[in-house]
1. May I ask you to say which residue of ALA79, ALA41, ALA71, ALA29 is of a type in the set (A, V, I, L, M, F, W, C) and closer than 27 Å to PRO165 by Cβ?
2. Which number in (1) part of a helix (DSSP H, G or I); (2) touching a strand residue (DSSP E or B) at 6+ places or on another chain (Cβ under 9 Å); (3) surrounded by fewer than 12 Cβ atoms within 10 Å (Cβ to Cβ) marks the one condition that LEU95 misses?
3. Considering each of TYR21, TYR62 in turn, give the residue that is touching a Phe, Trp or Tyr at 6+ places or on another chain (Cβ under 7 Å), over 21 Å from MET135 (Cα atoms) and either at pLDDT 95 or above or in a helix (DSSP H, G or I) (or both).
4. Does GLY45 satisfy the condition of being within 25 Å of GLU102 (Cβ to Cβ), among the small types (Gly, Ala, Ser) and surrounded by fewer than 18 Cβ atoms within 10 Å (Cβ to Cβ)?
5. So in segment 50-59, with the set limited to residues that are surrounded by fewer than 19 Cβ atoms within 10 Å (Cβ to Cβ) and not in a loop (DSSP other than H, G, I, E, B), which one is nearest to the chain's Cα centre (by Cα)?
6. Of all residues in segment 137-157 being surrounded by fewer than 17 Cβ atoms within 10 Å (Cβ to Cβ) and part of a helix (DSSP H, G or I), which is nearest to the chain's Cα centre (by Cα)?
7. Given the conditions (1) more than 24 Å from TYR85 (Cα to Cα); (2) of a type in the set (Val, Ile, Thr); (3) in a loop (DSSP other than H, G, I, E, B), report the number of the one that THR47 does not fulfil.
8. Could we say that GLY134 is surrounded by 14 or more Cβ atoms within 10 Å (Cβ to Cβ) and closer than 24 Å to PHE51 by Cβ here?
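The values are calculated or read from the model by the stated rules, or taken from the named source; none is laboratory data. Computed from a prediction, not measured in an experiment: that's the story for all the values here. Reconstructed Cβ throughout: ideal geometry from the backbone, glycine too, with neighbour counts over all protein chains shown.
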Amino acid sequence: MKQQLRQRLQKQLEQMNKTEYLERSQGLANQLYQTEEWKQAGTIGLTYARFPEVATLSIMEYAYKQGKKVALPRTNMKAREMHFYVIQDLDQLELRPYNLYEPKENPRFYVSPKELDLLIVPGLAFSKDGSRLGMGGGFYDRYLPFFKGETVSLCFKEQLIESIPVEAHDMRIDLVLSEKSTC
C-alpha cells in the first residue's frame, strides 16, 4: 500500500514543469519564513532537495542571509543512519548514492541532534495530523527520536492527503505547511 502511494504521488508531482515547480516551492518557503519555528531557529537541518521534492536551495540561501547555520544530512546506507553537518557553501557537498547531494564527511562540521533547532523533514505525502510517508528508507524515523527541536515539512497540495498508513516506528511532524493550509 505504501509503495503504491509513493509511486502514484511521484508520478503526479513529476507533471510539474520547472517554472511551476520553482514558483510553488518559493511560495512554501515564504510560508516557512513566517513561522515562529523558523524565526526562533539558529541552526536548521534540511536536505538538498531534488525534483520533485519542494526545492530547498532558496531556503538555504535565505537562512545564510539571516545569519542562521544550515546543516545537511549525510547518510550511511550500510548502517541505515544519517548525521548532520553544517555547510557554509555548496562546495562542501558531494554526489552520493541515489543521486543525493550530501556534505563531505568532516567531523569538524558534525552537528548532534540536540544542536539542531529546526528540522525540515522531506517526504512524499503528509496528513493534517503530522503523519508522513517518506521514501521508504526509514532514516528520519530512526533520527527523530534523538531530535528534540521542532519539525516542519513543506508539501505541495498534491502531497497533502486525508490519511497515511502508519506503523509503530513512523514519527509524526510537528507542523506541516502546504499550499492548502497549515496543519
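1. When all the criteria are applied, what remains is ALA79.
2. Unmet for LEU95, out of (1) part of a helix (DSSP H, G or I); (2) touching a strand residue (DSSP E or B) at 6+ places or on another chain (Cβ under 9 Å); (3) surrounded by fewer than 12 Cβ atoms within 10 Å (Cβ to Cβ): (1).
3. Going through TYR21, TYR62 in turn, the sole match is TYR62.
4. Considered against the rule, which asks whether it is within 25 Å of GLU102 (Cβ to Cβ), among the small types (Gly, Ala, Ser) and surrounded by fewer than 18 Cβ atoms within 10 Å (Cβ to Cβ), GLY45 comes out as no.
5. LEU57
6. My answer is ASP141.
7. All conditions pass for THR47, except number (1).
8. Judged against the criteria, GLY134 is a match.
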